[in-house]
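Heads up: the structure comes next, in structure tokens.
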Protein chains: 2
Amino acid sequence: MQEPSDKALVPFVSVDHMMQLIHHIGVANMLRGLADYIEADFKRWERFDKTPRVASHSAEGVIELMPTSDGETYGFKYVNGHPKNTADGLQTVTAFGLLADVETGYPVLLTEMTMLTALRTAATSAMVARALAPKGAATMAMIGNGAQSEFQSLAMQSIAGITHVRLYDTDPAATAKCAANLAGTGLAVTRCTTAEEAIVGAQILTTCTADKALATILTDNMVGSGVHINAIGGDCPGKTETAPEILKRGDIFVEYPPQTRIEGDIQQLADDHPVTEVWQVLAGQAPGRTSDKQITIFDSVGFAIEDFSALRYVRDRITGTPFFHPLDLLADPDDPRDLFGMLTRANG
Amino acid sequence: MQEPSDKALVPFVSVDHMMQLIHHIGVANMLRGLADYIEADFKRWERFDKTPRVASHSAEGVIELMPTSDGETYGFKYVNGHPKNTADGLQTVTAFGLLADVETGYPVLLTEMTMLTALRTAATSAMVARALAPKGAATMAMIGNGAQSEFQSLAMQSIAGITHVRLYDTDPAATAKCAANLAGTGLAVTRCTTAEEAIVGAQILTTCTADKALATILTDNMVGSGVHINAIGGDCPGKTETAPEILKRGDIFVEYPPQTRIEGDIQQLADDHPVTEVWQVLAGQAPGRTSDKQITIFDSVGFAIEDFSALRYVRDRITGTPFFHPLDLLADPDDPRDLFGMLTRANG
């Protein structure tokens, strides 16, 4: 049998290889690297093909494809969201992604993205907090201590400079898990028994809870002035975390308004409520934080460009490493018109 | 290091495994099997989520995602179309696809689809010809002798009962390649030097040429009555093969009108030109061929449900075979909330 040609082989990063790659680079280093790639892509936002994700909804959850392209490279992520999965011992969110060369249409990277999405989500939050949080912010309240909480904490430490996290979850076991995982990271960790307690003295308030119901994790009277709210968990229709009164008192920053107005915390506000696109702040085209007293809110739902940046980062980092293997994904006959001959010759 | 759990492992069919599977089943058997799966899914057409493909166009070509779901299973195909690739020794079309469980969102199959698309396209053509071609059709003109031509010929033999193919291509080397590949298949093969010669005595006329320009492969005076035209190559905006006069003389059958009106040969006709959806014929809801003199035209552009059927077929056939390997695609921690702990424990 003929061996597949180089062009037929697509580098594949398995979950195990991704975890090895993360440890090889170091979690903090990788979060910083991802934040830099994401920021660079946000700064050239207008060069991207942008489209709301392509979603297939069912009673149990959603399966989405998130494609984008910068004209040279095409990327997409497959991701599901099934809140009930946890009860069956499955992940709520699993994902994988692909990069391809726009000129030929040939894939150049296939990778797991469950781990990678956890890192890119945290890197995005912290990159935005670096731009919007009050100067000298040192303490973050981390409300919701599920799968994303440690990544958020470490990203805020390595990218936005926080030194303390105050943890709260309705389930004390989740808080204990998060605190245990953060031991030895250099972060000072305080376990709290109420959300109110968690936000005491915090300049950054991160909400990342898993309820699929309209919930109010942050109520109006809990939030004073001069904070940055990093609202992660209000990320699909019917799922919100922040009281509309707080949203109205603050200035709201989003990734891609057509998507955030459907999926984000601002689904609770009028369709024309003013928002600022984060890329404009990063590119110097719109103001970010303008006073110490201001409440800034990053209503984050995740966007395809963040995945694209993460895929670019992985592609650039795996070269020369053992953290991938070539996958025989593409039929590539010697004569492109002779696919059948390739098939025939494989029989023997 | 912990081994990935069963749920984290997705069966992957490489190009090599796909070719072995095809030979294991037999090409003709597999074409018949695929036709049966596709016909079964066409007959339950209304149960599917249907959406035009999600395309990212560039100067050189297009990259598309083609998702669909029947409410229990979700599938999508990644496919590119880059006509200039052939000149660089690359495939015009490469593809891979995925099936997932709608209830959990977890992928259950990842497979190459360059080979599989070649088979499903041919199986679809022949399944439709079986329904629409004149009774007793024995001879097919195969105009365009590229990568799809042998698959079309074998599918028409094993599914629609033809015994003769008459080959023509602007490049005699392509015709010679196709004729050589069909030797020993039981088909009588005639090489022709003009398209006019190829259609002499043929009841089925298949056009599958690669030009991305508006071309007229079949002109009005070439086509008499009582034939079935299987128009494969008019499959993207600006790419057509059949003279509009023929289309107007015949009855036109399509997969999914919103897509075919943009991509198919009928892009040359008025937006409201009457067409019949093939699934309605197969389900007994619309007439197919109604007379021996009629010209029936299947203006085929390919649709996501055909890929879905092909993915289902492969999933059902690989069980218990060695023609796949488990791919470590999904992070699946013991505790779904402890993705970070899974990462930490991998470092050792």
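The values are calculated or read from the model by the stated rules, or taken from the named source; none is laboratory data. Just so it is clear, the model here is predicted, and its values are computed rather than measured. Every residue, glycine among them, receives a Cβ derived from its backbone with ideal geometry; neighbour counts consider all protein chains shown.
Quick notes
- Here the stretch A:292-320 is the region considered, the condition is being among the hydrophobic types (A, V, I, L, M, F, W, C) and under 14 Å from the mean Cα position of the chain (by Cα), and the residue that is farthest from the other protein chains (Cβ to nearest Cβ) is A:PHE298.
- Filter pass, B:VAL54 being among the aliphatic types (A, V, I, L, M) and touching a Gly at 6+ places or on another chain (Cβ under 7 Å): no
- Meets criteria (at the interface with chain A (Cβ under 9 Å from one of its Cβ atoms), modelled with pLDDT of 95 or more and either within 27 Å of B:LEU90 (Cα to Cα) or buried (at least 22 other Cβ atoms within 10 Å of the Cβ) (or both)) for B:LEU182: yes
Yes or no, residue by residue, for (1) within 14 Å of another protein chain (Cβ to nearest Cβ); (2) touching a His at 6+ places or on another chain (Cβ under 9 Å):
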position: B:LEU187; (1), (2): yes, yes
position: B:ARG191; (1), (2): no, no
position: B:ALA210; (1), (2): yes, no
position: B:LEU218; (1), (2): no, no
position: B:SER225; (1), (2): no, no
position: B:GLY233; (1), (2): yes, no
position: B:LYS248; (1), (2): no, yes
position: B:PRO258; (1), (2): no, no
position: B:GLU263; (1), (2): no, no
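- Of all residues in the stretch B:330-338, none satisfies being within 14 Å of chain A (Cβ to nearest Cβ) and either farther than 30 Å from A:ALA118 by Cβ or at pLDDT 95 or above (or both).
- Residue in the stretch A:161-171 that is under 24 Å from A:ALA215 (Cβ atoms) and within 16 Å of the chain's Cα centre (by Cα) present: no
- When the helices (runs of 4 or more DSSP H) confined to the stretch B:176-279 are screened for residues that are in the same structural domain as B:ALA160 (by TED's automatic domain parsing) and under 21 Å from the mean Cα position of the chain (by Cα), those reaching at least 1 such residues are found at B:257-263.
- Residue within the stretch A:284-298 that is in a helix (DSSP H, G or I), in contact (Cβ under 8 Å) with a residue 12 or more places away in the chain and either assigned by TED's automatic domain parsing to the domain that holds A:MET142 or not aromatic (Phe, Trp, Tyr) (or both) present: no
- From the list A:PHE253, A:PHE323, the one residue that fits, being closer than 30 Å to B:LEU21 by Cα and either within 14 Å of chain B (Cβ to nearest Cβ) or touching a residue at least 60 places away in the same chain (Cβ under 8 Å) (or both), is A:PHE323.
- Taking the criterion of being assigned to a loop (DSSP other than H, G, I, E, B), small (Gly, Ala, Ser) and surrounded by fewer than 21 Cβ atoms within 10 Å (Cβ to Cβ), the residues of the stretch A:321-348 that qualify are A:ALA346, A:GLY348.
- Any hit, the stretch A:119-136, residues being out of contact with any helix residue (DSSP H, G or I) (no Cβ under 9 Å at 6 or more places or on another chain) and within 13 Å of chain B (Cβ to nearest Cβ): no
- Residue within the stretch B:24-39 that is among the charged types (D, E, K, R) and surrounded by fewer than 17 Cβ atoms within 10 Å (Cβ to Cβ) present: yes
- Among (1) surrounded by 23 or more Cβ atoms within 10 Å (Cβ to Cβ); (2) closer than 29 Å to A:VAL54 by Cα; (3) not aliphatic (A, V, I, L, M), the one test that A:THR296 misses: (2)
- Within the stretch A:76-97, the set of residues being surrounded by fewer than 24 Cβ atoms within 10 Å (Cβ to Cβ) and in contact (Cβ under 8 Å) with a residue 60 or more places away in the chain comprises A:GLY81, A:PRO83, A:THR86, A:THR92.
- As a summary of the residue check, B:LEU110 satisfies the conditions (1) closer than 21 Å to A:ASP338 by Cβ; (2) not assigned by TED's automatic domain parsing to the domain that holds B:THR190 except for the one numbered (1).
- Of all residue pairs spaced 6 or more apart or on separate chains, those with beta-carbon atoms under 6 Å, a first member in the stretch B:157-173 that is in contact (Cβ under 8 Å) with a residue 40 or more places away in the chain and a second member that is assigned to a strand (DSSP E or B) and surrounded by 24 or more Cβ atoms within 10 Å (Cβ to Cβ) are B:ILE162/B:MET140.
- When the stretch A:261-293 is filtered for residues that are at pLDDT below 95, in contact with a strand residue (DSSP E or B) (Cβ under 7 Å, 6 or more places away or on another chain) and surrounded by fewer than 18 Cβ atoms within 10 Å (Cβ to Cβ), only A:GLN268 remains.
- Candidate set from the stretch A:299-320 (those that are in a loop (DSSP other than H, G, I, E, B) and either without any contact (Cβ under 8 Å) to a residue 12 or more places away in the chain or in contact with a His (Cβ under 6 Å, 6 or more places away or on another chain) (or both)); member that is farthest from A:THR124 (Cα to Cα): A:GLY320
- Selection count, the stretch B:207-238, where residues are at pLDDT 80 or above, buried (at least 22 other Cβ atoms within 10 Å of the Cβ) and of a type outside the set (Val, Ile, Thr): 5
- B:GLY341 being closer than 21 Å to A:GLN20 by Cα and either among the hydroxyl-bearing types (Ser, Thr, Tyr) or not assigned by TED's automatic domain parsing to the domain that holds B:ILE262 (or both): yes
- Among the conditions (1) away from chain A (no Cβ under 14 Å); (2) in a loop (DSSP other than H, G, I, E, B), B:ALA147 misses just one, which is (1).
- Subset of the stretch B:150-173 (residues that are at pLDDT below 95 and assigned to a helix (DSSP H, G or I)): none
- Unique match (being in contact with a Gly (Cβ under 6 Å, 6 or more places away or on another chain) and either within 17 Å of B:ALA35 (Cα to Cα) or assigned to a helix (DSSP H, G or I) (or both)) among B:ALA131, B:ALA126: B:ALA131
- Note on the stretch A:98-119: among residues that are more than 13 Å from the chain's Cα centre (by Cα) and among the small types (Gly, Ala, Ser), the one that is surrounded by the most Cβ atoms within 10 Å (Cβ to Cβ) is A:GLY105.
- Between B:VAL189, B:VAL165, B:VAL200, B:VAL128, the distinction of being buried (at least 21 other Cβ atoms within 10 Å of the Cβ) and over 25 Å from B:GLN280 (Cα atoms) belongs to B:VAL165 only.
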